[in-house]
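Chemist: Sharing a structure below in structure tokens format, with a few things to ask.
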Amino acid sequence: QVRLVESGGGLVQAGGSLRLSCAASVTLLGINSMAWYRQAPGKQRELVAGITSGGGTNYADSVKGRFTISRDNAKNTVSLQMNSLKPEDTAVYYCNARVVIRFNLDNDYWGQGTQVTVSS
């Protein structure tokens, strides 16, 4: 079982910055990939950024150049640095961990979410 706890959400002005953190209950070496998702009111949850155990990263087109995902294996944490925030970034942000058990079988774990609100 993997427990994830997010922190760092809050209210910021457009153009400002915010840093989200996700603390995992197990070593990140046991997790195949970590990711941040977000869900805005009335919209489906979408992938924001991801990072694999091999260090590869990917970002949604809407946040490329503004957001950076990183990990600290020693502290079992994954962070999302968000710069140049826009009102459309307003959403609840969720930390996700994917663990591959074996071929064709994997488990996804989710944090409780943290609210990010960007004012105009």
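Chemist: With respect to R98, determine if the residue is at pLDDT 95 or above and of a type in the set (K, R).
Modeler: Details: at pLDDT 95 or above: no; of a type in the set (K, R): yes.
So R98 fails the test.
Chemist: So, one more: Does N32 satisfy being at positive phi and polar (S, T, N, Q)?
Modeler: No; evaluated as a whole, the condition is false for this residue.
Chemist: Scan the range 1-60 for residues that are hydrophobic (A, V, I, L, M, F, W, C), assigned to a loop (DSSP other than H, G, I, E, B), open to solvent by 40 Å² or more (accessible area, probe 1.4 Å) and modelled with pLDDT under 95 and jot them down.
Modeler: V26
Chemist: Still on this structure, please answer the following. Go through the range 61-89 and report how many residues are part of a strand (DSSP E or B) and of a type in the set (S, T, Y). Please lay out each step first, then the result.
Modeler: Of the residues in the range 61-89, the ones part of a strand (DSSP E or B) are 67-72, 77-82.
Checking which are of a type in the set (S, T, Y) leaves us with 68, 70, 77, 79.
Here the count works out to 4.
Chemist: Going by what's in this entry, would V92 be described as within 23 Å of R3 (Cα to Cα), hydrophobic (A, V, I, L, M, F, W, C), touching a helix residue (DSSP H, G or I) at 6+ places or on another chain (Cβ under 8 Å) and open to solvent by less than 50 Å² (accessible area, probe 1.4 Å)? Let's see the steps before the verdict.
Modeler: Details: within 23 Å of R3 (Cα to Cα): yes; hydrophobic (A, V, I, L, M, F, W, C): yes; touching a helix residue (DSSP H, G or I) at 6+ places or on another chain (Cβ under 8 Å): no; open to solvent by less than 50 Å² (accessible area, probe 1.4 Å): yes.
No, not satisfied.
Chemist: Does the range 61-85 hold any residues that are open to solvent by less than 60 Å² (accessible area, probe 1.4 Å), modelled with pLDDT under 95 and out of contact with any strand residue (DSSP E or B) (no Cβ under 6 Å at 6 or more places or on another chain), and which are they?
Modeler: Hit for the range 61-85 is D72, nothing else.
Chemist: Q115 is checked against (1) assigned to a strand (DSSP E or B); (2) surrounded by fewer than 18 Cβ atoms within 10 Å (Cβ to Cβ); (3) free of Cβ contacts under 8 Å to residues at least 60 places away in the same chain and fails just one. What number does that condition carry?
Modeler: So the condition that Q115 fails would be (3).
The values are calculated or read from the model by the stated rules, or taken from the named source; none is laboratory data. The structure displayed is predicted, hence computed values, not measured ones. As a convention, Cβ positions derive from the backbone with ideal geometry for all residues, glycine included, and neighbour counts pool all protein chains shown. We work out accessible area using only protein heavy atoms, side chains counted, and drop any ligands, DNA or RNA first. Shrake-Rupley method; radii C 1.70, N 1.55, O 1.52, S 1.80 Å.
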